[in-house]
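Only one structure is covered here, and it is reproduced in the block below.
The values are calculated or read from the model by the stated rules, or taken from the named source; none is laboratory data. In this text, all values refer to a predicted model and were calculated from it rather than measured experimentally. Ideal geometry is used to build each Cβ from the backbone, glycine not excepted, and the neighbour counts take in all protein chains shown.
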């Protein structure tokens, strides 16, 4: 039923776009026949919107993976670099939140850990929307920032790193089965920035999947039950992603090639000094408008990645 609803929405979106294009074409013909130029600016704006909508619908056609239509769970980890990297992780959090809002997706922070002085050490977001995982899977990997550090008294140039992990949201018992005997569940007191206790009761939950060693934790909610439910949601999604990676690795070995997308493999650089440039090292896509990208306008990089991986 979910697949059917998604396909119906896709057909509806294309029909709606076709109707809008027909209406705009009729308006253009009318303005030409009547020699009416006062609507030219409005028509130009409508055309730009139409082209933008067309490009996004075309992008949907590149998404054919098993979980591409699902919601996404995106996790950010500050890398080496102390407070600068923690600030960089928060900048990326803002970038992805703005991107999600711009395309009509919902964002919920499932888990976060504040930095010691500024920024965040890590955060996990649930991004709900059509093809959220299909788009955001292009963001997996290490993101590198070069800038003049606002936290350095000498204002020296610093390089910071952050790791982005993206997994599809899946359902336990439907997409993947988890044996309760394979889980180690621990409860502890939630902690805040600097390590101070923010809860007197042990409401935070850590779940370890023993066969794979995957660990997830949640302490945002006041209820141990809520934290456990969120942690399980993240765990099953990571297990599903691991299964996907294992299948891809097997296929890549058959084809004779395998490219890992783990820590150490930098996918994109954001340079703010001595010049401005954002460059994706996998596709060669780049732009000098770094501020625009950090404001959430990352569609050109998503498109470049998806089109480069077709076939």
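For residue 212, the stated conditions do not hold, so it cannot be described as crowded, with 16+ Cβ neighbours inside 10 Å, modelled with pLDDT of 90 or more and either assigned by TED's automatic domain parsing to the domain that holds residue 122 or outside any helix (DSSP H, G or I) (or both). The residue that is farthest from residue 56 (Cα to Cα), among those in segment 83-113 that are over 17 Å from the mean Cα position of the chain (by Cα) and at pLDDT 90 or above, is 83.
Just one of the listed residues (261, 231, 240) is in a helix (DSSP H, G or I), closer than 22 Å to residue 166 by Cβ, in contact with a strand residue (DSSP E or B) (Cβ under 9 Å, 6 or more places away or on another chain) and modelled with pLDDT under 90, namely 240. Within segment 209-222, residues that are free of Cβ contacts under 8 Å to residues at least 12 places away in the same chain have Cβ atoms under 9 Å from residues that are outside any loop (DSSP other than H, G, I, E, B) and buried (at least 20 other Cβ atoms within 10 Å of the Cβ) in these pairs: 215/207; 215/235, counting only partners at least 6 apart in sequence or on another chain. In this structure, residue 41 qualifies as loosely packed, with under 13 Cβ neighbours inside 10 Å and either assigned by TED's automatic domain parsing to the domain that holds residue 304 or part of a helix (DSSP H, G or I) (or both).
When each of 93, 110, 136, 125 is tested for being out of contact with any helix residue (DSSP H, G or I) (no Cβ under 8 Å at 6 or more places or on another chain) and buried (at least 19 other Cβ atoms within 10 Å of the Cβ), the lone residue that passes is 93.
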